[in-house]
Structure formats: C-alpha cells, structure tokens
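For reference, the structure is listed below as structure tokens.
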Amino acid sequence: MQNESTVSRRHLLGAAAAGAAAVGASAVLASPAEAGGRRLARVPRDKISVQLYTLRNQLAIDLPASLAELAEIGYTRVEHAGFVGRTATEFRAALDAAGLRATSGHVGIPQPFNASTWQAALEDALIVGNKYIVHPYFGTGANGQPIRDGSVYRAFARDLNKAGALARRAGLSFGYHNHHNEFLPQDGGRRTGYDILTRETDPGLVHLEVDLYWAFRGAHDPVDLIHANRGRIRQVHVKDLAVSGSFEDPGAGLIDFGRIFEHSREAGLVEYIVERDDAGSPPRTPADALTTAEVGFRYLDNLRF
C-alpha cells in the first residue's frame, strides 16, 4: 500500500503532527528556566505504543504495509486488539517483518470464566510476544445498559483475579482497561464500579490500563486515579477529547496530557499508547488512522512536562 498517494500524504503529515504537538501544550516550548529551574521530563520514545484498534480498517486492507508505516513513523511497539484474521503465528510473523513488537494485547476474559479458554488465549499472547494482556471492556449488561448492581462488579473482580493468576503463572502481566460506565455509582451509593474493581482485585494479579479519554468522560480526573492507585497503573491510552465530546487526535483536544504525565513517575507507567476509537470510521477514511498514529507519536515525542 506504499503507493504514490500514500507517500505524498506522509509528506504532509509533518505539519499536522507539529501543529498537534503545540496545541494546548505550552510545556512543550518551555525551557528548564521557564519550568522554575526543574528539569523537564519527556515520554521515553521506546515506551510510545499505538493501539491497533485505531487502525483496524487500515490493517484489514493491507496488514504488512500498514505495520511498515507504523515502524517508519517511529513506533517500535504496538498493542493489538485481535489478529486481523490471522493466526497468532501469522500475526507475529507480520510484526517481525515490520520490526515491531506487540508488547501488549487486548483480550477479553471468558464470561462465565473458563480456565481452558483463557489458557488458550494466554498461549496465543506468548506466541505474539506479549508482556501485557489486558481485558478491554466491562460495565454494560446483556441489554446494553450500564450495570448499576455492585454484586455484578464484585463477581467480575473475582474472575479478574482468576485470570490474573493464570496470566502470572504464564509469565504475563494482566491488566484491566476502563471505559466510562465503570465510574457510575453502584447500589445507589457513592462507591463506583471502578472502586469495586480496584478494591476487590489483587494488585499483584491485576494492573490498570487507564484510558484517559474515558476517565474524563466518566467525570474522573486521571491524576486522582493515579493518586488513588499509586504504582498500579502500568499503561495509559493517550486518547484526546474533542470540544464536541467525541474523539480527537492526541494533542489537538482538551486533555492536558503534560499535567497528567507529571505524575507518571508515581504511577509507574511503562507504556503510553496512542488511540482514537473513530479513526477509519466514516466520515474518516482508513488512511486517516495512520494520520492519527503519526500525530500521536510526534505529539508524545515532543511533549515536555
């Protein structure tokens, strides 16, 4: 898919990426003196990743070329969300050919929990080369409505612990990724679903992957989540919030990522994962997902905080 129009498009991305890197990020331009003499931090380049759900339509068109484009942008690691119709072995081969590592993957635990089914997923994760395996979604019932029953969250937390124990035995770190429904109060009280999940799961078995966009949509400041879950947040999804409330490319929306990342040492972050849920969905085109990937990488690479 590396055709003439693709190359031309990529030459135009530099300006878009540079613009996004400057939006709402005065810390990017600040000198150490302007930062009160404090040495400014940055996101380590080798910890920048991209959630391949962002590129799901583009990957379906041409997996090898799309992965090669990500490597050309500067990515060395990705987080997968399935194997795009390939086996784990075939997907690993495509990653190897592009010089990428799938250090993390989104894989839902079976519900009801089934140890054999989960073990098979862990074996695929090891084939692909994952270090982290993350449950991607919870918070709605079979009817599609948000869960408002704390007992459902408590039961799910027990399953997360079971999944985490098996993952640890396999040499993998198991995590939970939030959306916004988890932040609804349960049983008519102040305790949210997220409170239940974080309190009822073993920190040694279940780490947290905080989706920064969805945390804000759930009316929770990620900095507060970092303080409340000190040392447990290993990964974040760097997804920006548009004025409309929808999605935006990282650095071009309302979220002050620099403010959040000032607490990254306390959080123990190991991966900063670029994502945009609607990339490639109409009216956006599949190729727009590569724009998001590039803009997100450049924004994080240039951010100072």
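For Glu209, only one of the following conditions fails: (1) touching a Gly at 6+ places or on another chain (Cβ under 7 Å); (2) of a type in the set (D, E, K, R); (3) over 20 Å from Trp118 (Cβ atoms). What is its number?
Every listed condition holds for Glu209 apart from (3).
Leu184 versus (1) within 26 Å of Thr117 (Cβ to Cβ); (2) surrounded by fewer than 21 Cβ atoms within 10 Å (Cβ to Cβ); (3) touching a strand residue (DSSP E or B) at 6+ places or on another chain (Cβ under 8 Å); (4) of a type outside the set (S, T, N, Q): which is the lone unmet condition?
(1)
Taking segment 56-80 as the region of interest, how many residues are crowded, with 20+ Cβ neighbours inside 10 Å and under 15 Å from Gly105 (Cα atoms)?
Adding up the residues that qualify gives 4.
Name the residues in segment 263-296 that are closer than 11 Å to Asp249 by Cβ and not hydroxyl-bearing (Ser, Thr, Tyr), would you?
Listed by number, the residues that qualify are Val274, Glu275, Arg276, Asp278, Ala279, Arg284, Asp288, Ala289, Ala293, Glu294, Val295, Gly296.
If you take the residues in segment 232-283 that are small (Gly, Ala, Ser) and touching a Leu at 6+ places or on another chain (Cβ under 8 Å), which one is nearest to Val134 (Cα to Cα)? Lay out the reasoning, then the answer.
Taking segment 232-283 as the starting set, the residues that turn out to be small (Gly, Ala, Ser) are 242, 244-246, 251-253, 258, 264, 267-268, 279-281.
In the following step, the residues that additionally are touching a Leu at 6+ places or on another chain (Cβ under 8 Å) were identified as 242, 251, 253, 258, 279-280.
Values: Ala242: 26, Gly251: 25, Gly253: 26, Gly258: 25, Ala279: 21, Gly280: 23 Å.
This residue is Ala279.
Test each condition in (1) of a type outside the set (A, V, I, L, M, F, W, C); (2) out of contact with any helix residue (DSSP H, G or I) (no Cβ under 6 Å at 6 or more places or on another chain); (3) modelled with pLDDT of 95 or more for Gly188 and report the one that comes out false.
That leaves (3) as the condition not met.
Which members of segment 251-305 meet the condition of being in a loop (DSSP other than H, G, I, E, B), touching a strand residue (DSSP E or B) at 6+ places or on another chain (Cβ under 8 Å) and farther than 20 Å from Tyr75 by Cβ?
Those that are in a loop (DSSP other than H, G, I, E, B), touching a strand residue (DSSP E or B) at 6+ places or on another chain (Cβ under 8 Å) and farther than 20 Å from Tyr75 by Cβ: Gly253, Leu254, Ile255, Gly268, Asp278, Phe305.
Buried (at least 24 other Cβ atoms within 10 Å of the Cβ), closer than 16 Å to Leu208 by Cβ and touching a Gly at 6+ places or on another chain (Cβ under 9 Å), is that true of Ala289? First the steps, then the outcome.
Values: buried (at least 24 other Cβ atoms within 10 Å of the Cβ): yes; closer than 16 Å to Leu208 by Cβ: no; touching a Gly at 6+ places or on another chain (Cβ under 9 Å): yes.
Judged against the criteria, Ala289 is not a match.
Does Phe247 satisfy the criteria of being over 18 Å from the mean Cα position of the chain (by Cα), buried (at least 20 other Cβ atoms within 10 Å of the Cβ) and not hydroxyl-bearing (Ser, Thr, Tyr)? Step through it out loud before you land on a result.
Details: over 18 Å from the mean Cα position of the chain (by Cα): no; buried (at least 20 other Cβ atoms within 10 Å of the Cβ): yes; not hydroxyl-bearing (Ser, Thr, Tyr): yes.
It is false that Phe247 is over 18 Å from the mean Cα position of the chain (by Cα), buried (at least 20 other Cβ atoms within 10 Å of the Cβ) and not hydroxyl-bearing (Ser, Thr, Tyr).
Kindly indicate whether Ser264 is modelled with pLDDT under 95 and more than 30 Å from Ala65 (Cα to Cα). Before you say what the answer is, go through the steps one by one.
Numbers: modelled with pLDDT under 95: yes; more than 30 Å from Ala65 (Cα to Cα): yes.
Here the answer is yes, as Ser264 does meet what is asked.
List the number of the failed condition for Arg232; all other conditions in (1) out of contact with any Ser or Thr (no Cβ under 7 Å at 6 or more places or on another chain); (2) surrounded by 17 or more Cβ atoms within 10 Å (Cβ to Cβ); (3) over 24 Å from Asp195 (Cβ atoms) hold.
It fails just one condition, (3).
So Tyr194 passes all but one of these: (1) modelled with pLDDT of 95 or more; (2) surrounded by fewer than 21 Cβ atoms within 10 Å (Cβ to Cβ). Which condition number does it fail?
(2)
What's the number of the only condition in (1) closer than 18 Å to Leu197 by Cα; (2) aliphatic (A, V, I, L, M); (3) free of Cβ contacts under 8 Å to residues at least 12 places away in the same chain that Ala120 fails to meet?
(1)
The values are calculated or read from the model by the stated rules, or taken from the named source; none is laboratory data. Keep in mind that what you see is a predicted model, and the values were worked out from it rather than measured. Glycine gets a Cβ as well: all are built from the backbone with ideal geometry, and neighbour counts include every protein chain shown.
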